[in-house]
Amino acid sequence: MSVSVQEADFDPGREAERLSAGRDDVGALATFTGLVRADKQNGSQGSDVQAMTLEHYPGMTEKALEAIVVEARSRWPAILGVRVIHRVGRLAPGDRIVFVGVAGAHRGEAFAACEFIMDYLKTRAPFWKKEDTAEGGRWVDARDSDDEAAGRWSVPD
Amino acid sequence: MKFKVLYFASLRESLGKAEELVEAPSGVSSVAALQRFLAERGEGVPALARGRNVRAAVNQVMVKDDVAIADGDEIAFFPPVTGG
């Protein structure tokens, strides 16, 4: 299974190893691990994030991630393996939240596909973050920069 | 026309419910039309008003709001996603 949505933590090293285990055609392994950051949302005016809760759309989430992987494989047919893990539920600063690993014969397609999957995940997978602060819960706003990051992969019709 | 309508995140909290079965007039045949119907129901639901940056999915696929909907569809409304 290349896509998982789970509450449990994951081991990035083990996930990376699995992508090339038992095969000798993988020459490049690009991985990305996202962590929960504790920074203040609104500069010095904001309050510290103590934890966050990840809500998602069960059923659609898995389909959306699988569709992103299919899209990546069609854009970079040389990709040899993909693994995507996204955690849900309550997470604390420093916790791992997302993992994307791509195995390829060469670094070009591995780097590109890994970044593409993250950029698309940010704008197309149905997850929502709610931060817990001393002042109460606060839904995280979507960022225009994420739309721009996803937009640069667009191909003209 | 009957639809299963789901709400997520801040929209779920504003509406005070995660899902409902909605019976709409036959003219409600697009995502935008359903959103308008829901927003104008009763005393009105400001969180669903046009221009509030509401995104939608039909049968678990994210869509633009001019997409057609059919009886029995599962329609979800939610704010822009913030995963990763």
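The values are calculated or read from the model by the stated rules, or taken from the named source; none is laboratory data. From a predicted model like this one, the values you see are computed outputs, not experimental measurements. Note that we place each Cβ from the backbone using ideal geometry, even for glycine, and neighbour counts take in every protein chain shown. Each accessible area value is taken on the protein alone, full model and side chains, heavy atoms only, with ligands, DNA and RNA left out. Shrake-Rupley method; radii C 1.70, N 1.55, O 1.52, S 1.80 Å.
Remark on the protein assembly as shown: ratio of C-alpha radius of gyration to 2.2 N^0.38 Å is 1.10. Students often forget the sequence filter, so: which lysines lie under 26 Å Cα-Cα from residue A:63 once same-chain residues fewer than 8 apart are removed? Residue A:63 reaches A:122, A:129, A:130, B:2, B:4, B:17, B:64.
Distance from the C-alpha centroid of region A:19-38 to that of region B:20-76: 40 Å, rounded to the whole angstrom. Of the accessible area of the protein assembly as shown, with the probe set at 1.4 angstrom, what percent is carbon plus sulfur? For the protein assembly as shown, the apolar C and S fraction of the accessible surface comes to 48 percent.
Can you give the longest run of chain A that contains no trypsin sites (Lys or Arg not before Pro) sitting in a DSSP loop with at most 15 other Cβ atoms inside 10 Å? Answer - A:41-142. Taking the Cα atoms of chain B, the ratio Rg/Rh between the radius of gyration and the Kirkwood radius comes to 0.92. Considering chain A as a Gaussian network with a 10 Å cut-off on Cα pairs, which listed residue, A:20, A:74, A:145, attains the greatest mean-square fluctuation? Of A:20, A:74, A:145, the most mobile in the Gaussian network model is A:145.
Just B:41, B:55, B:12 to compare: in a GNM of chain B, with alpha carbon springs under 10 Å, which one fluctuates most? Per the Cα network of chain B with a 10 Å cutoff, B:41 tops the list. Mean-square fluctuation check for chain B, GNM, Cα pairs under 10 Å: which of B:34, B:48, B:15 is largest? Among B:34, B:48, B:15, the largest mean-square fluctuation in the Gaussian network model of chain B belongs to B:15. Two tests apply to each whole DSSP H helix in chain A, Cα reach of 18 Å or more along its axis and mean Kyte-Doolittle hydropathy of at least -1.0, and the ones passing both are A:60-75, A:107-124. Inter-chain neighbour count for A:116-124: the average number of beta-carbon atoms from partner chains within 10 Å of each residue's beta-carbon is 2. Our helix-only sum for chain B, with -39,500 (n - 2.57) per DSSP H run of n ≥ 4 divided by its residues, gives a mean residue ellipticity at 222 nm of -5500 deg cm²/dmol. Here's the picture: charge each Lys and Arg Cβ at +1 and each Asp and Glu Cβ at -1 in region B:2-78, and of B:22, B:54, B:37 the one pushed furthest to the positive end of that dipole is B:54.
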